[in-house]
Amino acid sequence: QRVMIAMALANEPELLIADEPTTALDVTVQLKILELLKELQARLGMALLLISHDLNLVRRIAHRVCVMQQGCIVEQADCETLFQSP
């Protein structure tokens, strides 16, 4: 996963799309990947589009959330609002 992130950052993108970046990783590695993504986002000032089914992960890293169902956005809000009243 780290190699894929490094390859994606080689072109200095303004947006990094991370599709299920922590799937099939143990909890320790998941946390390291999340810390790396947050650090890179802050340091490089890039946007991060995170795609995940893991709501705990979303809650930890997202500022804004879009919920999709069958390919359509059915709900969107800032993270705190969405998790307080889904």
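Laboratory data are not the source of any read-out in this text; all were calculated from the coordinates shown. Here the structure is a predicted model, which means the values were calculated and not measured. Quick reminder, even Gly has a Cβ in these numbers, built from the backbone with ideal geometry, and neighbours come from all protein chains shown.
Please work out which one of (1) at positive phi; (2) hydrophobic (A, V, I, L, M, F, W, C); (3) touching a Leu at 6+ places or on another chain (Cβ under 9 Å) is the condition Ala24 fails and give its number.
The single condition Ala24 does not satisfy is (3).
Condition first: more than 17 Å from Arg64 (Cβ to Cβ) and part of a helix (DSSP H, G or I). Now tell me which residues in region 35-53 satisfy that.
Once the filter is applied, which keeps residues that are more than 17 Å from Arg64 (Cβ to Cβ) and part of a helix (DSSP H, G or I), region 35-53 yields Glu35, Leu36, Glu39, Leu40, Arg43, Leu44.
Could you list, in sequence order, the residues of region 1-58 that are among the hydroxyl-bearing types (Ser, Thr, Tyr) and more than 26 Å from Gln84 (Cα to Cα)?
Listed by number, the list holds a single entry, Thr28.
Go through (1) within 11 Å of the chain's Cα centre (by Cα); (2) in a strand (DSSP E or B); (3) of a type in the set (A, V, I, L, M, F, W, C); (4) surrounded by 13 or more Cβ atoms within 10 Å (Cβ to Cβ) and name the single condition Ile17 misses.
That leaves (4) as the condition not met.
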